[in-house]
Amino acid sequence: MPKSIHSTQPPLKFISPRFNPLILKITSWVLPFILQVRTRPWLPAGIVKIEAKNAEVLAKLYQEFQAGKIRFIIAFRHPEVEDPLSMFYLLSRIVPKVGREKGISLQYPVHSHFMYERGMTLWAGKWLGWLFSGLGGVPVRRGRRVDRNSIQIARDLLANAKFPIAIAPEGGTNGHSSIVSPLEPGAAQLGFWCVEDLQKANREEKVFIIPIGIKYSYVNPPWQKIDWLLSKLEIDSGLPIPEINYTGNQLEELLYQRLCRLAAYLIAEMEEFYRRFYHRDLPEIIPEETATSNEILITRLHRLMDTALQITEQYFNVQAQGNFIDRCRRLEEAGWNYIYRDDIADIGSLPPLKRGLADWVAEEADLRMQHMRIAESFVAVTANYILEKPTAERFAETALLMFDMLSRIQESTLPGRPRLGLKQAMIIVGEPISISERWESCQGNKQALRTGVSDLTKDLQIELEELIKD
C-alpha cells in the first residue's frame with residue numbers, strides 16, 4: 001500500500017512485457033527462499049509446503065501446447081497475495097516433475113504469461129513492474145471500461161506466444177480460501193477472441209481454459225496467535241479484553257463470541273462516524289423475527305459498505321452500478337484519474353496555482369478512496385462462513401480482514417499482516433473446458449457470442465467453487 005498521497009503524480013505508464021529467460025531462471029532458483037522468508041513484512045511468506053492434485057492434466061496440456069496443437073488459458077483462484085508464488089511453483093517445479101514421472105515429454109521452461117493489476121507496482125515499488133515485465137506479465141487497469149493496450153497484447157500473446165497465459169478471473173484477492181468472488185468475463189472473452197483469431201489465420205489449434213483452485217491451511221492451527229490477534233484488535237478498537245479461561249471444547253465458541261463482539265462494535269463505531277461526519281441516515285435495523293444475530297450483523301455491514309461507496313461515488317460523480325466489487329473497480333479507476341494525471345504533460349512546468357490545485361485534488365481523491373478500500377476488504381464476508389466450518393483458517397481470515405480495516409484507518413500505509421503460523425498450499429487442477437466447441441455453436445452471431453461468454457464465465461465459476469470445496 002503506498003503512503004498517503006499529498007501531491008499529483010505523473011501518469012501510470014504502461015509496462016510492456018519483455019520476457020527474459022535469465023530473469024525467469026533466477027526467479028525460479030530463488031523461489032523456495034522467497035516462499036519461506038519471514039523477515040520482510042511486505043513479502044508474502046511463510047509457505048513451507050505446496051502440493052498439487054491432478055497436475056498431470058496440466059502437464060498434458062503443456063505437452064499439446066508445445067506440440068502446436070492447442071492454446072489455453074490458466075484461470076486460477078486468487079484468495080491471497082501468495083497466489084502468484086504458488087502458481088509459479090506449480091509451473092516451475094510440480095508440473096515438470098509430474099511430467100518426468102508420467103513420461104510426459106515437456107520442453108523447458110514450463111511457464112506462462114500472466115495478467116496483473118497495474119496498482120500492484122504502486123504499493124510494492126517499481127522493481128515489481130521490472131520483474132513482472134521480465135517474466136512476461138501484462139499489466140491491466142481493472143476499473144477501465146476497456147483497457148485496449150492490455151487487451152490487445154494479451155490477445156496477441158494468447159494466440160501467438162511461446163507460453164499460455166494465466167489470469168485470475170476474480171480480478172483481485174478476497175481473503176477467503178473457501179469463497180470464490182463473482183468472476184469477471186475477461187478470461188472467457190479472451191478465449192473466444194483467440195478462437196476467432198486462429199480461425200482468421202487458418203490455424204487449427206483448439207482453445208481451452210483450465211480452472212485451478214488454490215487453498216491455504218496452517219501447518220499447525222494457530223489458536224494462540226488468533227487469540228493474540230483478537231486481543232490486539234480489541235485494544236486498538238478500545239474494547240476491554242475479556243477475561244476468559246479456555247477449557248475443553250469451548251475454545252472455538254469463545255473465540256467466535258469475541259469475533260462477533262468485535263465486529264458489532266466496529267460496525268457501530270463506523271455507523272456513528274458516517275452519521276455524524278457525513279450526515280448519513282443510518283437508522284436502527286428492525287430485523288425480521290426469523291433473522292439470526294449473524295444475519296443482522298451482515299445486513300448492517302452491507303449497508304455500511306454501501307454507505308462508504310456512495311460517499312466515494314458522489315465525490316467522483318460515478319454511478320452506482322453492479323455489485324460491490326464492480327463499484328470498487330470503477331472507483332479505483334476514477335481515483336487514479338484524479339491522482340495520476342494523463343492530462344498534464346509536465347507537472348514540473350505548472351504554475352504554482354495550478355500545481356497547488358492539482359495537489360489538492362490528488363490528496364482529496366486519495367482520502368476519498370480510503371472509504372472504498374474499507375468496503376473492498378469485506379466484499380466476500382458472509383453470515384455463516386465460520387459457523388459452517390469453524391476452522392483456524394476461517395477464524396484467521398476473518399480476523400485478518402478486521403486487521404486490514406483498522407490498519408487503513410490508523411496508518412498512512414498498510415503494514416504487513418501479522419503472520420499467525422506457517423502455511424501450506426494445495427493447488428487443485430480442474431478439467432479443461434473447450435472454448436472452441438462453444439464458439440462453434442455461436443459464431444457469426446454477436447448476441448450468441450455474448451451469451452457464450454456469459455455462460456462460460458458462469459460455468460467457470462461453478463468449476464472453481466467445486467475445486468475448493470472442503
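Observations on the structure shown:
- Space enclosed by the convex hull of the alpha-carbon atoms of the range 223-411, per residue, Å³: 158
- Charging the Cβ of each Asp and Glu at -1 and of each Lys and Arg at +1, and nothing else, the dipole of the chain about its Cα centre rounds to 1780 debye.
- Candidate aspartates and glutamates for bridging to residue 53, where Cα separation is under 17 Å - those fewer than 8 sequence places away on the same chain excluded: 83, 101, 431, 463, 465, 466, 470
- Relative contact order of the chain, taken over Cα pairs closer than 8 Å and 6 or more residues apart, is 29 percent.
- With the convex hull drawn over the C-alpha atoms of the range 287-343, the volume per residue is 89 Å³.
- Under a model in which nothing but the beta-carbon of Lys, Arg (+1) and Asp, Glu (-1) is charged, the range 223-411 shows a dipole of about 220 debye around its Cα centre.
- Per-q log10 I(q)/I(0), the range 1-139, q = 0.14 Å⁻¹ (Debye; single scatterer per alpha-carbon; no solvent): -0.74
- Distance from the range 322-392 to the range 91-147 (C-alpha centre basis), Å: 25
- Longest segment of the chain lacking GluC sites (Glu not before Pro) that sit in a DSSP loop with at most 12 other Cβ atoms within 10 Å: 1-203
- Normalising by residue count, the range 429-470 has a Cα convex hull of 50 Å³ per residue.
- Loop-located trypsin sites (Lys or Arg not before Pro) in the range 360-455 (DSSP state other than H, G, I, E, B) with a sparse environment of at most 14 neighbouring Cβ atoms within 10 Å: 419.
- The range 162-301: Cα Rg divided by the 2.2 N^0.38 Å rule of thumb: 1.64
- Each 5 Å bin from 0 upward holds the following percent of the Cα-Cα pairs of the range 135-186: 4, 17, 25, 22, 17, 11, 4.
- Taking a ≥ b ≥ c as the square roots of the eigenvalues of the alpha carbon gyration tensor, the range 57-213 is oblate, as a/c is not under 1.5 and a/b does not beat b/c.
- Using a cut-off of 27 Å between Cα atoms, the listed pairs 60/423; 49/469; 49/232; 25/126; 13/458; 25/206 include 60/423; 49/232; 13/458; 25/206 as exceeding that distance.
- Under the combined filter of DSSP loop state and at most 12 neighbouring Cβ atoms within 10 Å, the range 122-197 retains these trypsin sites (Lys or Arg not before Pro): 145.
- Span from the the range 171-222 Cα centroid across to the the range 301-316 one, whole angstrom: 30
- Stokes-Einstein translational diffusion, the range 389-457 - Kirkwood Rh over all Cα pairs, 0.692 mPa s, 37 °C, in µm²/s: 196
- Here the calculated FRET efficiency for residue 342 and residue 6, from their Cβ-Cβ distance with R0 = 22 Å, stands at 0.65, rounded to the nearest 0.05.
- 20 Å-binned pair-distance histogram of the chain (Cα, whole percent): 22, 55, 23, 1
- 12 Å Cα-Cα reach of residue 102 towards aspartates and glutamates, excluding residues that sit fewer than 8 places from it in its own chain: 56
- In the chain, taking the dipole from charged Cβ atoms about the Cα centre, the farthest positive-side position among 105, 250, 430 is held by 105.
- Helix-only [θ]222 nm of the chain, DSSP H runs n ≥ 4, -39500 (n - 2.57) each, per residue, nearest 500: -17000 deg cm²/dmol
Each value in this text was obtained by applying a stated rule to the coordinates, not by laboratory testing. It should be emphasised that the depicted structure is a prediction, and the values quoted were computed from it without experimental measurement. Note: ideal-geometry Cβ built from the backbone for every residue, glycine included; neighbour counts use all protein chains shown.
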